[in-house]
1. Counting only residues that are among the aromatic types (Phe, Trp, Tyr) and within 27 Å of Ser137 (Cα to Cα), which one in the stretch 43-53 is surrounded by the fewest Cβ atoms within 10 Å (Cβ to Cβ)?
2. Quick one: is Val236 open to solvent by less than 60 Å² (accessible area, probe 1.4 Å) and at pLDDT below 95?
3. Quick one: in the stretch 65-117, of everything that is of a type in the set (Phe, Trp, Tyr) and part of a loop (DSSP other than H, G, I, E, B), which residue is least open to solvent (accessible area, probe 1.4 Å)?
4. Given the criterion crowded, with 20+ Cβ neighbours inside 10 Å and in a helix (DSSP H, G or I), identify the matching residue among Ser151, Ser211, Ser161, Ser183.
5. Just to be sure I understand, how many residues within the stretch 134-148 are open to solvent by 30 Å² or more (accessible area, probe 1.4 Å) and under 18 Å from Met212 (Cα atoms)?
6. Tell me, yes or no, whether the stretch 118-131 has at least one residue that is outside any helix (DSSP H, G or I) and either hydrophobic (A, V, I, L, M, F, W, C) or out of contact with any His (no Cβ under 7 Å at 6 or more places or on another chain) (or both).
7. Out of (1) open to solvent by less than 60 Å² (accessible area, probe 1.4 Å); (2) modelled with pLDDT under 85, the odd one out for Pro56 is which?
8. Inside the stretch 187-197, can you point out the residues that are modelled with pLDDT of 90 or more and either among the acidic types (Asp, Glu) or over 26 Å from the mean Cα position of the chain (by Cα) (or both)?
Amino acid sequence: MSDEIRPLDESQSTKRYVTTGNLLAYSIGLAGQNMTYNYISNWLFYYLEYVRKISPKLSGVITGVSRIWDSVNDPIVGAMVDKHKFKSGDKLRPFLLLTPPVIGILSVIMFMPLNLGNTALIAIICCAYLLWDLFYSFQDVALWGMLSVSSPNSGERARVSQWVTIGAGAGSTIGSLFPTFRSAVEGAGLSTLHTFALFAVIFGLFGELISMSAHKMKENVETPETKENLFEAIFVLRHNKTLLLISAARYFKDVFNTVLPWVYFFESRELYNLGFTQIGYGNIQVIYGFLTGAVGALAMLFATKIAHKLGGMKRRLIVA
């Protein structure tokens, strides 16, 4: 098959490839995955330091190792997925069934209320997290890669992108409610240790099982065989200037949207006096996340119309 992209004929441009059921299942799958990601990424290292009482120095070592591992395995996993094809002819869909149960189980293992010494506990959680991150990378590449093969029709792909982004945002919003849920559960008498374990099951395992619904989306575009070996496939990314620009933008977004609120709300332990009541740092983070995310979520409802007025999805991204 030629790597050249061929223009659509009239029948392709008008044919509908993605049903409403496919779109809904795919969006729900993104919601489930982001429930898990939000819980693990926002609370694992807080759990280590403030619940398990691991020293900040050791927590920092785990954090540093995990970030380095994450940056290394992502391009490798992407290249491996790109070069592999299942017997069914699909390249991505099988990962959406195979990886979620493993990710869910590893999510629970990291928060199990085991009575162990610090060394054993750190070893178990560190190994579980590195495996979690590896399997999550396979799932994430496949899950978002489905967007590009959902339809040969660019307009239909834009619609899919719009709604799966809303689904992902909904999952993150549900995950961000953990401080509120935590207050209610601990107020009912459950210990902090067991509360974190409970929500590892709810957000981690159950969230991943929900994500399996994305498997209902079909691969409607046949992808060409890649000619590069694994090493070449990884380093060819340096020629994709648009991808590098997007990666840089996401890096700075994560610094401001994740690191700075974390430092403020969790290190300062602020209490806000509204006169009739006080709001603690956990619930403040939920309110903060809702207010800062609501504009973007609302904008996604009109993403395709905005893109049309700006001259295409690429230009909309650059403007954003």
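1. Residues of the stretch 43-53 that are among the aromatic types (Phe, Trp, Tyr), as a first pass: 43, 45-47, 50.
Then drop every residue that is not within 27 Å of Ser137 (Cα to Cα), which leaves 43, 45-47.
On the way: Trp43: 22, Phe45: 21, Tyr46: 14, Tyr47: 22.
Within the stretch 43-53, the match that is surrounded by the fewest Cβ atoms within 10 Å (Cβ to Cβ) is Tyr46.
2. Details: open to solvent by less than 60 Å² (accessible area, probe 1.4 Å): no; at pLDDT below 95: yes.
Answer is no for this residue.
3. First, pick out the residues of the stretch 65-117 that are of a type in the set (Phe, Trp, Tyr): 69, 86, 95, 111.
Next, only the ones that are part of a loop (DSSP other than H, G, I, E, B) stay: 86, 111.
On the way: Phe86: 50, Phe111: 0 Å².
Checked the stretch 65-117; the qualifying residue least open to solvent (accessible area, probe 1.4 Å) is Phe111.
4. Ser211
5. Filtering the stretch 134-148 for residues open to solvent by 30 Å² or more (accessible area, probe 1.4 Å) gives 134-135, 138, 140-141, 144, 147-148.
Still in the running and under 18 Å from Met212 (Cα atoms): 134-135, 138, 140-141, 144, 147.
Residues that pass the stated criteria total 7.
6. To start, the set of residues in the stretch 118-131 that are outside any helix (DSSP H, G or I) comprises none.
No: the stretch 118-131 contains no residue that is outside any helix (DSSP H, G or I) and either hydrophobic (A, V, I, L, M, F, W, C) or out of contact with any His (no Cβ under 7 Å at 6 or more places or on another chain) (or both).
7. (1)
8. Matches in the stretch 187-197: Ala188, Gly189, Leu190, Ser191.
The values are calculated or read from the model by the stated rules, or taken from the named source; none is laboratory data. Keep in mind the model is a prediction, meaning the values are calculated, not measured. Glycine also receives a Cβ, built like all others from the backbone with ideal geometry; neighbour counts cover every protein chain displayed. The accessibility values were calculated without ligands, DNA or RNA, using every heavy atom of the protein model including side chains. Shrake-Rupley method; radii C 1.70, N 1.55, O 1.52, S 1.80 Å.
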